[in-house]
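Novice: Quick one: this structure, given as structure tokens, is what I'll be asking you about.
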Amino acid sequence: MYNEIFDRKIEDVGLQTGIDRLTPEKIEKTVKQVLEGETGAKLKVYHDTCVRCGMCAKACHFYQSHLEPSYSPVAKIHQSIGVLIEKDGKVGPDFIYQCAQIAYTECNLCRRCVHYCPLGIDTAYMMSTMRRICHKLGVTPQYIQDTAHSHSATMNQMWVKDDEWVDSLLWQEEEARDEFPDMRIPLDVDGVDFLYSVIGPEPKFRTHLIYQAAAIFHEAGANWTMPSEPGWDNSDMAMFSGDFEMMGRLKRAHFECAQKLHVKRIVMGECGHAFRSIYDQGNRWLGWKDYPVEVVHSVEFFTELFKAGKIKMKAKHPGIATIQDPCNIIRGRGLYDHLRFLAHEVCEEIVEMAPNGEHNYCCAAGGGIINCGPPFKNVRMSGNKAKADQLKAAYDKGARTILAPCHNCHGGLEDIIHHYGIDMEIKFLGDIIYANMVKTKAVEE
Amino acid sequence: MYHSIYDLVTGPLTWLGFGVLVLGGLFRMVSLYSLAKKKDASSIAYNKAKYGIRSILHWITPFGTLGWKENPVITVVTFVFHICLLATPIFLGAHIDLWDLNFGVSWPALPDHVADIMTVLVIAAGCFFAYRRVVDKTVAFVTTWKDWFALCVTMGPFITGFLAYHQIFNYQFMIVLHVITGIAWLLFIPFGRLSHAILGWYSRVYIASEFQGVRHAKDW
Amino acid sequence: MKKCITLMLALAAVVVFILPAFCQEDITEIKDPAFQTLKRPAVPFMHDEHNEKAGLDGCLPCHHEGMENGEFVEGDPAKCADCHEVAPTDDSTDLKTAYHQQCIQCHEDAAKGPVACGECHVK
């Protein structure tokens, strides 16, 4: 059963171009290089001890959506890195295509399956290692590779040029001053309480999020800054493409940016994977057990502001909302209580999805899948009927708003509600807080 | 002829079985731990006994985790299987008599009829696992010869033990086969799939520390 | 009177020597009543046949009465349970172990006779 015919191959120019350049010798050499050089006991133990009980199948939204054996977490290993380990890398290029498609587009690295495995096998780690091999082989989906290229050329994900970045901030500041006459988006202020970092897509096409965050900080009287230099982007698609060297450079640049400004800590925008990159993967690649500069996620920071009474709501968001728990901040960093606190602070009524919290289903966009672009959009859609069902159930209970404090969740759920025709709107916490907070410093309307 | 075979399997080969179990097990644990220290330092740096124990306590409780709750049938069978699998050979009266005769140590034994039922439970659970490997498409898809091998090695001593105890077929042949399959079981515990018995604790403690320590989330 | 004495002696001889011989022929299994309930089937054991096959002349090593210089001391053909208790409170050999040791060790040494559980405890 090792070489089941992979019948769902999707054409991707990035993957195909990489495959065309491969030889069996190169594959074998690279696989050995990664397995022997970069992995150790963890991979060996996982590979040896997995008893193939199949309990993890139910954990995976891909499996739950397709109910097809090849989508279970263990099956993904069985069809990719498991074979490479067994065969010591002696596989052909076509097989690598299959490995890459599975690892990049059929696993969100969400780690829900960890809750299902009695042996505690970390499938996400094995899939990451698979991606690492693919990256080293030059077999990466075109779209995510483009973001990784952007990271290496510009230190941000979206080819934002240095002047464009500053320009975007100034533009948002100017816009905001119509509403808040004294508001600044402080740039490169030394020694302030926190540095605010965002992901590349914010200046690129969600600029209003920067406006909103700045407005909230302004209202709260925060002592903050944004960096003008590269390092402002906390996102990290290199982490997901398997380009760990670049991941390390990005994280270093990000932290150094904060260190140069002598800020007390970094506050991150509402993004999941960026958070993952600093507490989980990037820091470890750099050999840091913990942050060199403390990092808090927006969800934590907003909680602080509300608890300190620095932000008050004029009115709560009307109607019933449900909460999408982003893997990387809930299962990834335990911000469940923070998010519940905030949700109840800012929304009139909450209905929970089931399962939720650390047992939530992923949005199917995370782990870089949405970044693999249009060729794989349907993979996410057909692969997350499970989430659509959850959302429909929440809709039936009256929920019309989805609170999703994560960019990937936003993108993923946006596609899902359109694909499955669920009439709901998706909101960041920042959206709701900004729209409904008491604005003492705004011009009278 | 029979005596020399019996002496061989219950003597040197049994020593070999336990020797490989203990030394092989130790070797695997030590070598993998040192490999982890060398290669997975950024992972095991977060290991904490407190998290590991908490996690193990959840996972050894039936229905104490999401995975167990969502797979109720497997949960029941798995617990029954593992409890009987370990308790039967250790607390079987006849085995304890052998310990007593050879080493002068003994401990309380299970009544024979209870041990007999437990053996049947192990065999029944093994049949259930075999059934899943064939019929459940999700499991069949990922099943390899290694899984069948592990299942056969594990079931061997129980099937032969049952047949020997009830003196079905030729007793002398069956008892020798029982000892041989038992030794095979001991031999393979440190390696391959069966090594989850000794290495699973590593991955459990690690992922527990990873989840509770780094991710501030439950790993169950 | 002389006749009478001769007859009495003859009778005594019958009682002393012949009767036990009849009794021994009756031993076909070991089913020690000291065990009360048996966990395994009683062991079929033809006393005379066994001893003949095994070439045992005296009652040793089975019927012994303590040890001296590491060797069994021959004693009256006492029952095992007379000395070996089922559950001794001191560290003396218990009855089950006594049987097991006695039989299995001897069979092992001679490389003859049953050694595994089911060979003796036949169902």
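The values are calculated or read from the model by the stated rules, or taken from the named source; none is laboratory data. These numbers were taken from a predicted model, which means no experiment stands behind them. When we count neighbours, we look across all protein chains shown, and the Cβ atoms used for this are built from the backbone with ideal geometry, even at glycine. With ligands, DNA and RNA removed, areas are computed over all heavy atoms of the protein, side chains included. Shrake-Rupley method; radii C 1.70, N 1.55, O 1.52, S 1.80 Å.
Novice: For segment C:84-123, what log10 I(q)/I(0) values come out of the Debye formula at q = 0.35 1/Å, with one point per alpha carbon and no solvent?
Specialist: -1.07
Novice: Non-local amide H neighbours of A:L187 (under 5 Å, H modeled in plane, Pro and chain starts lacking H): which ones?
Specialist: A:M226
Novice: Count the DSSP beta bridges whose two residues both fall in segment A:306-440, then state the antiparallel fraction as a percent rounded to the nearest 5. Provide the component values of the computation, followed by the final result.
Specialist: Working: 1 of 12 bridges.
Counting only bridges with both partners in segment A:306-440, antiparallel ones make up about 10 percent.
Novice: Share of segment B:147-220's accessible area from carbon and sulfur, percent, 1.4 Å? Present the calculation step by step, with values, prior to reporting the outcome.
Specialist: On the way: 2120 of 2650 Å².
It is 80 percent, rounded to a whole number.
Novice: Averaged over its residues, how many other protein chain Cβ atoms are within 10 Å of peptide A:34-42's Cβ atoms? Kindly include the intermediate steps, with their values, before the conclusion.
Specialist: On the way: counts 0, 0, 1, 1, 1, 3, 11, 16, 11.
That average works out to 5.
Novice: At a 1.4 Å probe radius, carbon and sulfur cover how many percent of the accessible area of segment A:13-140? Walk me through the numbers before you get to the answer.
Specialist: Working: 1850 of 3460 Å².
That share works out to 53 percent.
Novice: Note the buried accessible area between A and B here, summed over both chains, with a 1.4 Å probe, in Å² to the nearest 100.
Specialist: Buried area between the two chains comes out at roughly 4500 Å².
Novice: Could you order the peptides A:287-298, A:91-102 from most to least packed, using the average number of other C-beta atoms within 10 Å per residue?
Specialist: Numbers: A:287-298: 17.3, A:91-102: 21.5.
Per-residue mean Cβ counts within 10 Å order the peptides as A:91-102, A:287-298.
Novice: Using a simple spin-label model with points 7 Å from Cα along the Cα→Cβ vector, what separation in nm is obtained for C:V122 and B:V30?
Specialist: Inter-label distance under the simple model: 5.0 nm.
Novice: Any idea what angle helix A:24-37 forms with the longest principal axis of chain A, computed on alpha-carbon atoms, 0 to 90 degrees, nearest 10?
Specialist: 60
Novice: Could you tell me the calculated FRET efficiency between A:E294 and B:S106, based on Cβ-Cβ distance and R0 = 41 angstrom, to the nearest 0.05? All intermediate terms of the calculation are to be shown ahead of the outcome.
Specialist: Numbers: r = 59 Å, r/R0 = 1.45.
So, using R0 = 41 Å, E works out to roughly 0.10.
Novice: Compute the helix-to-body angle for B:171-188: its Cα long axis versus the longest principal axis of chain B, expressed 0 to 90° and rounded to tens.
Specialist: Between helix and principal axis, roughly 20 degrees.
Novice: What's the angle, to the nearest 10 degrees (0 to 90), between helix B:49-59's Cα axis and the longest principal axis of chain B?
Specialist: Helix B:49-59 sits roughly 60 degrees off the main axis of chain B.
Novice: What is the list of residues in segment A:89-124 whose amide nitrogen lies under 17 Å from a point 7 angstrom out from the Cα of B:L57, following Cα to Cβ?
Specialist: Zone members listed by number: none at all.
Novice: Obtain the nm distance between the two label points defined at A:E175 and B:C152 by a simple spin-label model: each point lies 7 Å from its Cα along the Cα-to-C-beta direction.
Specialist: In this crude spin-label approximation the distance works out to 6.8 nm.
Novice: Percent of Cα-Cα pairs more than 35 Å apart in chain A, please.
Specialist: On the way: 28636 of 98790 pairs.
Within chain A, distances greater than 35 Å cover 29 percent of Cα pairs.
Novice: Same structure, new question: If you take every residue apart from B:L101 with its C-beta less than 12 Å away from the C-beta of B:L101, what net charge results, scoring Lys and Arg +1 and Asp and Glu -1? Don't skip to the answer; put the middle values down first.
Specialist: On the way: positive: C:K96; negative: B:D97, B:D100, C:D94, C:E108.
Here the charged neighbours net out to -3.
Novice: Express in nm, to one decimal, how much length is gained between C:V86 and C:E71 on full extension, taking 0.36 nm for each residue of separation and deducting their alpha carbon distance. Don't jump to the answer; show the numbers that get you there.
Specialist: Values: separation 15, 0.36 × 15 = 5.40 nm, distance 2.33 nm.
Using 0.36 nm per residue and subtracting the Cα-Cα distance, I get 3.1 nm.
Novice: In angstroms, what radius of gyration and Dmax does segment C:28-120 have, counting Cα atoms only?
Specialist: Answer for segment C:28-120, Rg first and Dmax second: 13.4, 37 Å.
Novice: Here is a follow-up. Antiparallel DSSP bridges in segment A:154-305: what percent, to the nearest 5? Before the final figure, lay out the partial values.
Specialist: Values: 0 of 12 bridges.
Approximately 0 percent, going by the DSSP bridge assignments.
Novice: Starting from 0 in steps of 5 Å, tell me what percent of the Cα-Cα pairs of segment A:313-436 lands in each bin.
Specialist: Histogramming segment A:313-436 at 5 Å steps yields 2, 12, 23, 25, 21, 12, 5, 1, 0 percent.
Novice: Right, next: For q = 0.09, 0.11 Å⁻¹, what log10 I(q)/I(0) does the protein assembly as shown give under the Debye formula with an equal point scatterer on each alpha carbon and no solvent?
Specialist: -0.88, -1.17
Novice: Take the Cα radius of gyration of segment A:243-383 and divide it by 2.2 N^0.38 Å, with N its residue count; two decimals is plenty.
Specialist: Numbers: Rg = 17.1 Å, N = 141, 2.2 N^0.38 = 14.4 Å.
Dividing the Cα radius of gyration by 2.2 N^0.38 Å gives 1.19.
Novice: Too long at a 27 Å Cα-Cα cut-off: which of A:K260/A:K441; A:K251/B:K38; A:K32/B:K37; A:K32/A:K385; A:K9/B:K69; A:K251/A:K314? Kindly include the intermediate steps, with their values, before the conclusion.
Specialist: Values: A:K260/A:K441 31 Å; A:K251/B:K38 23 Å; A:K32/B:K37 20 Å; A:K32/A:K385 37 Å; A:K9/B:K69 34 Å; A:K251/A:K314 38 Å.
Beyond 27 Å between Cα atoms: A:K260/A:K441; A:K32/A:K385; A:K9/B:K69; A:K251/A:K314.
Novice: Have a look at A:E28, A:E352, A:E106 and tell me which one the Gaussian network model of chain A (Cα, springs below 10 Å) gives the largest fluctuation.
Specialist: A:E28
Novice: Now for a separate question. Measuring from centroid to centroid over Cα atoms, what is the spacing of segment A:409-445 and segment B:183-203 in Å?
Specialist: 52
Novice: Calculated FRET efficiency, B:H166 and B:K37, Cβ-Cβ r, R0 45 Å, to nearest 0.05? Can you show the working numbers first?
Specialist: Working: r = 50 Å, r/R0 = 1.10.
Working from the Cβ atoms, E equals 0.35.
Novice: Two-decimal Rg/Rh of segment A:13-140 from alpha-carbon positions, Kirkwood Rh?
Specialist: Numbers: Rg = 14.0 Å, Rh = 14.6 Å.
Value, to two decimals: 0.96.
Novice: Further question on the same structure: Run the accessible area of segment C:25-123 with a 1.4 Å probe and give the carbon-and-sulfur part as a rounded percent.
Specialist: Details: 3600 of 6900 Å².
Ligands and nucleic acids excluded, carbon and sulfur give 52 percent.
Novice: Work out how much length A:K29 to A:A153 would gain on full extension: take 0.36 nm times their residue separation and subtract the Cα-Cα distance, in nm to one decimal. Write down the numbers at each step before the final one.
Specialist: Working: separation 124, 0.36 × 124 = 44.64 nm, distance 2.80 nm.
My answer for the length gained is 41.8 nm.
Novice: Counting only the heavy atoms of the protein chains, how much of B:F162 is accessible to a 1.4 Å probe, in Å² to the nearest 10?
Specialist: B:F162 exposes around 50 Å² with every protein chain in place.
Novice: Over the protein assembly as shown, what is the percentage of antiparallel beta bridges among all DSSP beta bridges, to the nearest 5? Can you show the working numbers first?
Specialist: Details: 6 of 30 bridges.
So the antiparallel bridges in the protein assembly as shown amount to around 20 percent.
Novice: Have a look at segment B:172-193 and report residues whose accessible surface goes down by 40 Å² or more when the remaining protein chains are included, against the chain on its own, probe 1.4 Å, ligands and DNA/RNA excluded.
Specialist: B:R193
Novice: Accessible area per residue, 1.4 Å probe, Å², for chain A: what's the number? Walk me through the intermediate numbers first.
Specialist: Working: 15310 Å² over 445 residues.
The answer is 34 Å² per residue.
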